[in-house]
1. Mind telling me which of the residues A45, A26, A74, A50 ends up being assigned to a loop (DSSP other than H, G, I, E, B) and hydrophobic (A, V, I, L, M, F, W, C)?
2. Counting only residues that are surrounded by 15 or more Cβ atoms within 10 Å (Cβ to Cβ) and β-branched (V, I, T), which one in the range 204-253 is farthest from M46 (Cα to Cα)?
3. In the range 204-247, how many residues are on the phi > 0 side of the Ramachandran plot and not hydrophobic (A, V, I, L, M, F, W, C)?
4. Among the residues of the range 109-119, is there at least one that is buried (at least 21 other Cβ atoms within 10 Å of the Cβ), at pLDDT 95 or above, in a loop (DSSP other than H, G, I, E, B) and out of contact with any Asp or Glu (no Cβ under 8 Å at 6 or more places or on another chain)?
5. Can you work out which of the residues in the range 140-149 that are crowded, with 21+ Cβ neighbours inside 10 Å and not polar (S, T, N, Q) is nearest to the chain's Cα centre (by Cα)?
6. Kindly indicate whether any position in the range 29-46 is surrounded by fewer than 21 Cβ atoms within 10 Å (Cβ to Cβ) and either on the phi > 0 side of the Ramachandran plot or aliphatic (A, V, I, L, M) (or both).
7. With T127, T103 as the choices, which residue is crowded, with 16+ Cβ neighbours inside 10 Å, closer than 27 Å to G190 by Cβ, touching a helix residue (DSSP H, G or I) at 6+ places or on another chain (Cβ under 8 Å) and of a type in the set (V, I, T)?
8. Which ones in the range 200-253 are touching a residue at least 60 places away in the same chain (Cβ under 8 Å), among the basic types (K, R) and under 15 Å from Q173 (Cβ atoms)?
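The values are calculated or read from the model by the stated rules, or taken from the named source; none is laboratory data. Keep in mind it's a predicted model, so treat the numbers as computed, not measured. Every residue, glycine among them, receives a Cβ derived from its backbone with ideal geometry; neighbour counts consider all protein chains shown.
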Amino acid sequence: MLSDEQLLRYSRQIMLPEVEIDGQEAWLNASVLVLGVGGLGSPVAMYLAAAGVGELVLVDDDEVDLSNLQRQIAHTTDRIGEPKVESAKATLNALNPDVCIRTVNQRLSGEEMDALVAEVDLVVDCTDNFTTRFAVNEACVKHKKPLVSGAAIRIEGQVAVYDPRQEDSPCYQCLYKQGDDENLTCSESGVLAPLVGIVGAVQAMEALKVLANIGEPLVGKLLLLDGRTMEWRSLKLRKDKACPICSEGNADE
């Protein structure tokens with residue numbers, strides 16, 4: 001049951017016919033794992049906290065650096081040197097103290113990744129390395145957890161939703177094969193500051209849609225943004241019948 005304060009805080013969402021009380025309660029009862037609280041993870045975590053997602057689990061093994069502050073809006077100059085997860089937690093607590101924030105100050109892999117994915121309702125991948133992306137994808141397929149994936153580099157971004165609860169949904173490895181990708185990072189290639197905010201906001205939007213069953217999430221689609229022209233493209237993604245992660249005969253191994 002929503003309190004009077006919650007009814008006021010979330011009133012602009014509750015008045016939407018797609019959301020109403022049921023949608024808001026779905027968010028309040030949800031738990032979301034946010035992998036990475038840098039450029040993408042900052043707006044993702046802030047919007048999910050503001051919207052009233054009940055529990056956010058923040059995972060990052062890095063510390064706040066001066067070079068982060070151009071785009072990683074959850075952090076501030078006076079927190080340089082602090083763990084990013086603790087800096088982000090302080091920002092989120094100030095934004096919405098009702099949200100439960102759990103922090104994991106390390107890079108997840110193997111059993112730790114598997115266990116944490118199993119605990120939550122949805123995962124938002126805001127990392128910049130393919131090793132973690134492949135690992136979290138495998139865990140999400142195993143535990144049938146929706147995965148909202150985003151990437152931003154230079155002046156280009158992309159977002160996709162992978163939902164293993166749907167039989168026809170591809171997974172991340174249907175699109176990208178291990179060993180085929182370059183580990184491009186912002187430190188090597190650069191990134192325009194608002195780009196990560198745009199992509200992160202879309203990721204947050206997709207996460208909220210999935211959690212409250214609103215509209216049509218980007219399942220089976222890859223949304224691409226060219227920031228130079230501000231043009232969006234949507235490409236259809238098909239499930240790879242030979243995928244070693246989600247194809248029949250492999251998904252449950």
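1. Only one candidate qualifies: A74.
2. Step by step, filter the range 204-253, then rank; the result is I245.
3. Of the residues in the range 204-247, 3 are on the phi > 0 side of the Ramachandran plot and not hydrophobic (A, V, I, L, M, F, W, C).
4. No, the range 109-119 has no match at all.
5. V148
6. No.
7. That would be T127, the only listed residue that is crowded, with 16+ Cβ neighbours inside 10 Å, closer than 27 Å to G190 by Cβ, touching a helix residue (DSSP H, G or I) at 6+ places or on another chain (Cβ under 8 Å) and of a type in the set (V, I, T).
8. R238, K239
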